[in-house]
1. On the basis of being within 18 Å of A:A91 (Cα to Cα) and surrounded by fewer than 19 Cβ atoms within 10 Å (Cβ to Cβ), does B:Y100 make the cut?
2. Looking at the stretch A:61-77, which of its residues are open to solvent by 20 Å² or more (accessible area, probe 1.4 Å) and either within 14 Å of chain B (Cβ to nearest Cβ) or within 14 Å of the chain's Cα centre (by Cα) (or both)?
3. From B:L81, B:L74, B:L114, grab the single residue that is open to solvent by 30 Å² or more (accessible area, probe 1.4 Å) and more than 12 Å from chain A (Cβ to nearest Cβ).
4. Hey, among the residues in the stretch B:15-29 that are open to solvent by 80 Å² or more (accessible area, probe 1.4 Å) and more than 14 Å from the chain's Cα centre (by Cα), which one's nearest to A:K100 (Cα to Cα)?
5. Sort out which residues of the stretch A:20-55 are within 17 Å of B:A92 (Cβ to Cβ), outside any loop (DSSP other than H, G, I, E, B) and either more than 10 Å from chain B (Cβ to nearest Cβ) or not β-branched (V, I, T) (or both), and write them in order of number.
6. Residue pairs, Cβ under 7 Å, 6 or more apart or interchain, first in the stretch B:53-66 and closer than 11 Å to B:M32 by Cβ and open to solvent by 50 Å² or more (accessible area, probe 1.4 Å), second outside any loop (DSSP other than H, G, I, E, B) and not acidic (D, E). List them.
7. Would it be correct to say that B:V12 is surrounded by fewer than 20 Cβ atoms within 10 Å (Cβ to Cβ), aliphatic (A, V, I, L, M) and in a loop (DSSP other than H, G, I, E, B)?
8. Run A:E58 past the list (1) open to solvent by 60 Å² or more (accessible area, probe 1.4 Å); (2) within 27 Å of B:K38 (Cβ to Cβ); (3) more than 10 Å from every other protein chain (Cβ to nearest Cβ) and report the number of the one that doesn't hold.
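The values are calculated or read from the model by the stated rules, or taken from the named source; none is laboratory data. Please read these numbers as outputs of a predicted model, since none were measured by experiment. Here the Cβ positions follow ideal geometry from the backbone for every residue, glycine too, while neighbour counts run over all protein chains shown. These accessible areas exclude ligands, DNA and RNA; they are computed on the full protein's heavy atoms, side chains included. Shrake-Rupley method; radii C 1.70, N 1.55, O 1.52, S 1.80 Å.
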Amino acid sequence: DQQVKQNSPSLSVQEGRISILNCDYTNSMFDYFLWYKKYPAEGPTFLISISSIKDKNEDGRFTVFLNKSAKHLSLHIVPSQPGDSAVYFCAASSPGNTGKLIFGQGTTLQVKP
Amino acid sequence: DTEVTQTPKHLVMGMTNKKSLKCEQHMGHRAMYWYKQKAKKPPELMFVYSYEKLSINESVPSRFSPECPNSSLLNLHLHALQPEDSALYLCASSQDAGSYNEQFFGPGTRLTVL
């Protein structure tokens with residue numbers, strides 16, 4: 001049972017435009033979410049997080065939106081740059097202070113010059 | 001210093017070899033993690049250490065043996081591995097194992113088992 005889902009395996013956008021990556025979750029107990037970016041043969045890099053007490057968190061070109069009623073979050077990248085081309089993983093922090101992250105399957109973003 | 005380092009970067013080993021992966025962080029983090037990642041898949045949690053004690057073992061085969069010698073170091077001892085264990089092994093750390101902490105990942109060790 002996949003508790004965190006990224007239904008789009010890939011996304012292609014033009015440089016300078018907005019990239020929107022989506023993530024859905026099923027467990028209503030999740031209350032902290034993270035986005036990671038991963039280049040091939042490297043470790044994931046933390047991008048941005050959001051707690052369920054907020055519906056938006058912004059850091060530079062990256063904004064994460066959380067819709068708790070829909071159990072949906074999205075990552076917006078504006079403007080997109082070719083260096084943003086990578087795999088993006090959405091993750092939910094498992095309740096209970098275990099340290100466990102539940103990852104989605106990832107979305108490969110390609111930003112074309 | 002906001003970095004998690006891992007050595008070696010690449011490792012090739014036979015099924016009868018014994019080897020170790022090493023991970024180090026100097027951020028004062030008290031939780032450290034081992035993950036395994038196969039191509040085009042998300043990281044898969046193997047072990048969690050919290051305050052130098054093993055708190056989670058995700059039913060990992062005993063041919064993988066973790067060790068936390070101190071709060072900055074994490075090792076993964078490998079013995080009698082199988083070719084299907086070939087993967088990218090990632091170490092991560094966080095302030096503690098609480099639910100509201102970001103995990104910071106190292107660059108990984110690319111392991112090939114022949």
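1. Taking the combined requirement at face value, the residue satisfies it.
2. A:R61, A:F62, A:F65, A:N67, A:K71, A:H72, A:H76
3. None of the other options fit; the residue is B:L114.
4. This residue is B:H26.
5. Result: A:Y32, A:F33, A:L34, A:W35, A:Y36, A:K37, A:K38, A:F46, A:L47, A:S49.
6. B:L54/B:F47; B:L54/B:P66; B:S55/B:V48; B:S55/B:Y49
7. Working: surrounded by fewer than 20 Cβ atoms within 10 Å (Cβ to Cβ): yes; aliphatic (A, V, I, L, M): yes; in a loop (DSSP other than H, G, I, E, B): no.
It is false that B:V12 is surrounded by fewer than 20 Cβ atoms within 10 Å (Cβ to Cβ), aliphatic (A, V, I, L, M) and in a loop (DSSP other than H, G, I, E, B).
8. Tallying (1) open to solvent by 60 Å² or more (accessible area, probe 1.4 Å); (2) within 27 Å of B:K38 (Cβ to Cβ); (3) more than 10 Å from every other protein chain (Cβ to nearest Cβ), A:E58 fails exactly one: (2).
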